[in-house]
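Down below is the structure, laid out as structure tokens.
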Amino acid sequence: MKDDDPNAAPLLDGRGLYRFFRVGEDETAALRGVDIRVRRGETVAVIGPSGSGKSTLLACLAGLDEPSGGAVHVGGTRISHRPEAERSRLRARHVGILLQSGTLIRHLSVRDNIRLARAADRHGRHRPVTELLDQVELSHRADALPQELSGGELARAGLAAALANDPDVVLADEPTGELDGDSEQRVLQILRRRANDGRAVLLVTHSSAALSIADRVITLHDGRNVDERD
Ligand code: ADP
Ligand code: MG
């Protein structure tokens, strides 16, 4: 479903988002009224200069940070402005997060990292780790430690962890920043497939390859969305 379908309720919906940070005596406004919606089946890219609020936006949409104003809904459920424990439970169930810094634990194997990332579904069941590894073509690296992986493998292991709970929404901050062309394509294809399977994908990126898989591109400037194009 695309933007012009009025019946398509957004899977990810951030409205009127503000985020202020207090630094000593000063207050910085990282977000000043950002509106963003990603519908089922859509891949949306966010671009903008350094310091424009991209990472802050992603953290607020992911429920990792709390906006100072506005609201975030995922699949119709509000995840902002809730107690931390509740926010983290909703996040684990509905949102897959891929951070630039990586989210894997260093002393655990790829298999154990992915095991740890899974939350049981409401029937107490887990997706098999082998299936998650297969999905990112990493079955042969299950026993490796994160530091033994190549950059591309590391990115895909992070992706497997982000997809462990089959989230409706995947949020990624520069997911392919340090990858070579071939590794980047593999990660982008997996993300694109998520959207094609009826989920929503939002990525912060500067890579032209990543922009080419996006249905829409939103530009942030000084904490505001200033432009949107297909
Ligand atoms: P981007 O990802 O687009 O480079 P960020 O979202 O990281 O931008 O930062 C937006 C603005 O908010 C910057 O001015 C940054 O210095 C400020 N900022 C972000 N996080 C914090 C924080 N935890 N404390 C204080 N200021 C912050
Ligand atoms: Mg950033």
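Got the relative contact order for segment 1-109 handy, in percent, Cα pairs under 8 Å and 6 or more residues apart?
Dividing the mean separation by the residue count of segment 1-109 yields 26 percent.
Over segment 91-144, what is the relative contact order in whole percent, taking alpha-carbon pairs under 8 Å and six or more residues apart?
Once divided by the residue count of segment 91-144, the mean separation gives 38 percent.
Listed highest first by mean packing, meaning other Cβ atoms within 10 Å per residue, what order do 207-213, 185-191 come in?
Highest mean packing first, the order is 185-191, 207-213.
With an 8 Å cut-off on Cα pairs and a minimum separation of 6 or more residues, tell me the relative contact order of the chain in percent.
Rounded, it is 28 percent for the chain.
Can I get the semi-axes of segment 33-105's equivalent ellipsoid? Compute them from the C-alpha gyration tensor as square roots of 5 times the eigenvalues, in angstrom, largest first.
Over the Cα atoms of segment 33-105, the ellipsoid semi-axes are 19, 16, 14 Å.
Given 5 Å bins starting at zero, what is the percent of C-alpha pairs of the chain in each, up to the one with the largest pair distance?
So the P(r) values, bin by bin, are 1, 7, 15, 19, 20, 17, 12, 7, 3, 0, 0.
Stokes-Einstein at 25 °C, 0.890 mPa s, Kirkwood radius from Cα pairs: D for segment 132-192 in µm² s⁻¹?
It diffuses with D of about 208 µm²/s by this estimate.
Looking at the square roots a ≥ b ≥ c of the eigenvalues of the Cα gyration tensor of segment 80-124, which shape do they give, rounded for a/c under 1.5, prolate if a/b is larger than b/c, or oblate?
Taking the square roots of the gyration eigenvalues as a ≥ b ≥ c, segment 80-124 is oblate.
In whole angstrom, note down how far apart the Cα centers of segment 52-104 and segment 120-170 are.
A separation of 20 Å, based on Cα centres.
Return the percentage of antiparallel bridges among DSSP beta bridges fully within the chain, rounded to the nearest 5 %.
About 60 percent, rounded to the nearest 5.
Restricting attention to segment 1-99, which GluC sites (Glu not before Pro) occupy a DSSP loop and are surrounded by at most 15 other Cβ atoms within 10 Å?
Passing both the DSSP loop test and the Cβ count: 25.
Give the peptides 176-182, 113-119, 136-142 in descending order of average Cβ contacts within 10 Å, highest first.
113-119, 136-142, 176-182
Values in this text are rule-based calculations from the coordinates and carry no lab data. Note that this is a predicted model, so its numbers are computed, not measured. Don't worry about glycine lacking a Cβ; one is built from the backbone with ideal geometry, like all the others, and counts go over all protein chains shown.
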